[in-house]
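All remarks here apply to the structure that follows.
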Amino acid sequence: MSLFSFFSKRSSAPVARERLQILLAHERSSIGGRSDLVAILQEEILAVIAKHIAIDREKVQVKLDRGNSVSTLEVDIEIPTPAGPARVALRG
Amino acid sequence: MAKVLVVTSGKGGVGKTTSTAALGAALAQSGQNVVVVDFDVGLRNLDLVMGSERRVVFDLINVVQGDAKLAQALIRDKRIDTLSLLAASQTRDKDALTMEGVSRVINELKEKFDWVICDSPAGIEKGAVLAMRHADTAVVVTNPEVSSVRDSDRIIGLLDSKTERAEKGERVEKHLLLTRYDPVRAERGEMLKVDDVIEILSIPLLGIIPESEEVLRASNMGAPVTLNAPMSAPARAYFDAAKRLRGETLEMTVPSDKKGIFAKLFGRRVA
């Protein structure tokens, strides 16, 4: 590990290059279009669930992780049940 | 036919004003009639970098609002008589610039000069959009650094949507000017390489300006680097870039200021 980090320490440019490529691929598609995609998805998913169950909006978490070829959207909703809280997690 | 060129970047401090002065002077030194126009209302600096700060009487906003004639506001350079400056206002607000006013002034400048070079303010707000509005050609100044490359990408998007040409369905010719480049650090993997930046931004390269102490020395002196140190590495890079703007094809190099042993021992120049 230390030998590896010794050799890789100076090469920060490839990291910069990769970060930029991923970031810009996303920004180019979202700016001017739906840059608030996460907010829109959160609202629509909540609306669907709220039709069937009463949910606390404070207990909803939306996370977006942008990857090179795949991005993941994680929606975590806490649903109160008579026996105690149960959690529903949607991933996609 | 006059060409309108915008020097832009999104990010501040990457070398827009330095590059405007150096490219403008280089074009003027080759006999072209050039005007450099400062669009950075409220934070003007092109006058200072050009060494004309004590000669500003009227500015772009005075002309836009009709308080002064264009001929009264143009400041002819004392060293190159084919080079003129139209300063930005230091006291007024950028809201004083109107779309109609700016387009009238640009049209008037196009009749008098071969090149109208607009020095854009940083950011993506009104001032930057007005500076690029009438451009035929854009020079996107970028440092080999992540935040600068990201902001350049954003500016390229604006050039393709917010300019007069874009709205008419035409293209603004875009060129990448990579500034503050250090080939040694890039080779060591410490800095994005030229090819990395070209690949990410995918616009053609106009020139590579090496990091050099001559750039600061020139701005200290109030002279474009192509005038203050014409043989220096950054000046040679700007001269090549100016030739490419005129349509010449030149081999792309990164000029260097490598000194001989004699200069290293005794050559501490005093500017």
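The values are calculated or read from the model by the stated rules, or taken from the named source; none is laboratory data. Since this is a predicted model, take the numbers as computed values, not measurements. Positions of Cβ are backbone-derived with ideal geometry, glycine not excepted, and every protein chain shown enters the neighbour counts. Keep in mind that these areas ignore ligands, DNA and RNA; they rest on the heavy atoms of the full protein, side chains included. Shrake-Rupley method; radii C 1.70, N 1.55, O 1.52, S 1.80 Å.
Taken about its Cα centre, the range B:47-178 carries a charge dipole of roughly 180 debye when the Cβ of each Lys and Arg holds +1 and the Cβ of each Asp and Glu holds -1. Quick check: from the Cα gyration tensor, does the protein assembly as shown come out rounded (a/c under 1.5), prolate or oblate? In terms of gyration-tensor shape, oblate.
Summarising the overall dimensions of the range B:134-271 from its C-alpha atoms, the Rg and Dmax are 16.8, 59 angstrom.
Here chain B is assigned +1 on the Cβ of each Lys and Arg and -1 on the Cβ of each Asp and Glu. Its dipole about the Cα centre then comes out at about 680 debye. Rounded if a/c is under 1.5, else prolate if a/b beats b/c, else oblate: with a ≥ b ≥ c from the C-alpha gyration tensor eigenvalues square-rooted, which is the range B:1-119? Taking the square roots of the gyration eigenvalues as a ≥ b ≥ c, the range B:1-119 is rounded. With a 1.4 angstrom probe, the accessible area lost at the B-A interface totals about 1300 Å².
For B:Val4, the residues whose amide H sits under 5 Å from its own are B:Val116, B:Asp136, B:Thr137, ignoring neighbours fewer than 5 places away on the same chain, with H placed 1.01 Å from N. From the cross-link list B:Lys78/B:Lys258; B:Lys78/B:Lys243; B:Lys11/B:Lys112; A:Lys63/B:Lys168; B:Lys112/B:Lys174, which pairs have alpha carbons spaced over 29 Å apart? As for pairs spanning more than 29 Å Cα to Cα, those are B:Lys78/B:Lys258; B:Lys11/B:Lys112; A:Lys63/B:Lys168. Per-residue mean of other chain beta-carbon atoms within 10 angstrom of the beta-carbon, peptide A:16-29? Taking the mean over all residues of the peptide, I get 4. Charges were assigned to the Cβ only: +1 to each Lys and Arg, -1 to each Asp and Glu. The resulting dipole of the protein assembly as shown about its Cα centre is roughly 880 debye. Placing unit charges on each Cβ (+1 for Lys and Arg, -1 for Asp and Glu) gives the protein assembly as shown a dipole about its Cα centre, and among B:Leu192, B:Leu85, B:Leu250 the Cα reaching farthest toward its positive end belongs to B:Leu250. Phi angles of the range B:32-45 translate, via the Karplus equation with coefficients 6.51, -1.76, 1.60 and θ = phi - 60°, into HN-Hα couplings of 7, 8, 10, 10, 9, 10, 8, 9, 8, 5, x, 9, 5, 8 Hz per residue; Gly and Pro are given as x. Here the 3J(HN,Hα) profile of the range B:159-175, calculated from phi with Karplus coefficients 6.51, -1.76 and 1.60 at θ = phi - 60°, is 4, 8, 10, 9, 8, 4, 4, 4, 5, 8, x, 9, 9, 8, 5, 10, 10 Hz, Gly and Pro shown as x. Which is farthest toward the positive dipole end of chain B among B:Val105, B:Phe239, B:Pro204, measuring Cα position about the Cα centre, with Cβ charges +1 (Lys, Arg) and -1 (Asp, Glu)? Working it through, the farthest residue towards the positive pole turns out to be B:Phe239.
With protein chains left intact and a 1.4 Å probe, residues in chain B average 46 Å² of accessible area per residue. Determine the shape class of the range B:62-217: with a ≥ b ≥ c the square roots of the Cα gyration tensor eigenvalues, call it rounded for a/c under 1.5, and otherwise prolate if a/b is greater than b/c, oblate otherwise. It is prolate, given that a/c is not under 1.5 and a/b is the larger ratio. Taking amide H as placed 1.01 Å from N in the peptide plane, B:Ser89 has its amide H under 5 Å from the amide H of B:Gly42, B:Leu60, B:Ile61, each at least 5 places away in sequence or on another chain. Here the alpha carbons of the range B:64-114 define both size measures, Rg and Dmax, at 11.9, 34 Å. Taking amide H positions as modeled 1.01 Å from N, with prolines and chain starts lacking one, the residues under 5 Å from B:Ser84 and 5 or more places away or on another chain are B:Val34, B:Val35, B:Val36, B:Asp77.
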